[in-house]
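**Student:** Quick one: this structure, given as structure tokens, is what I'll be asking you about.
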Amino acid sequence: MKLEFTNHAKHRLFIERGISVDEIKKVIREPDNIILLPDGVEKCEKEIGRDTLVVVYRKEKNVYIIITAYFK
């Protein structure tokens, strides 16, 4: 699975929120819930421990472009 990150996502995920690439992959591969948004954007959610991790992305060919991710 190939991932690319927007500049916003790189800063927020890795520096501010401490979310790992493995966690993001797990949410995309095994989501508990998927919400389809306009322009081909998907919002996936998965319970990880006591929290729910949300990953927002769009897929272009075989690349997942990660827009943002956060725990809710």
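None of the figures in this text is laboratory data; all of them are computed from the coordinates on show. The structure presented is a predicted model; accordingly, all values stated were derived computationally and were not measured. We place every Cβ from the backbone using ideal geometry, glycine too, and count neighbours over all the protein chains shown.
**Student:** Please list, in chain and number order, the residues 5+ apart from residue 52 or on another chain whose amide H is under 5 Å from its amide H, with Hs placed from the backbone.
**Tutor:** Residues meeting the criterion, in which the H sits 1.01 Å from N, are 72.
**Student:** I want the local charge near residue 59. Using Cβ-Cβ distances under 14 Å, sum +1 for each Lys or Arg and -1 for each Asp or Glu among the other residues.
**Tutor:** Working: positive: 2, 25, 29, 43, 58, 61; negative: 4, 39, 42, 60.
My count for the surroundings of residue 59 gives +2.
**Student:** Still on this structure, please answer the following. Ranked highest first by the average count of other Cβ atoms within 10 Å around their residues, in what order do 20-26, 65-71 fall?
**Tutor:** Values: 20-26: 14.6, 65-71: 17.9.
Highest mean packing first, the order is 65-71, 20-26.
**Student:** Between [x] 22, 11, 10; [y] 38, 15, 10; [z] 17, 15, 11, which entry matches semi-axes √(5λ) of the Cα gyration tensor in Å as derived from the coordinates of this structure?
**Tutor:** Entry [z].
**Student:** Where does the chain land at 222 nm, in deg cm²/dmol rounded to the nearest 500, when only DSSP H runs of n ≥ 4 count, each adding -39500 (n - 2.57), divided by all residues?
**Tutor:** Details: 1 runs with 9 residues, N = 72.
Result for the chain, helices only: -3500 deg cm²/dmol.
**Student:** Let me ask something else about it. Mark the label point 7 Å from the Cα of residue 15 along Cα→Cβ and return the residues of the range 35-72 whose backbone N is within less than 20 Å of it.
**Tutor:** 56, 66-71
**Student:** Separate question: Say the dipole of the chain comes from +1 at the beta carbon of Lys and Arg and -1 at that of Asp and Glu; which of 31, 56, 6 then lies farthest toward its positive end?
**Tutor:** Among 31, 56, 6, the one farthest towards the positive end of the dipole of the chain is 6.
**Student:** Quick check for me: using +1 on Lys/Arg Cβ and -1 on Asp/Glu Cβ, what's the dipole size of the chain about its Cα centre, in debye to the nearest 20?
**Tutor:** Details: 14 positive and 12 negative charges, 30 e Å.
Value, rounded to 20: 140 debye.
**Student:** Let me ask something else. Non-local amide H neighbours of residue 6 (under 5 Å, H modeled in plane, Pro and chain starts lacking H): which ones?
**Tutor:** 66
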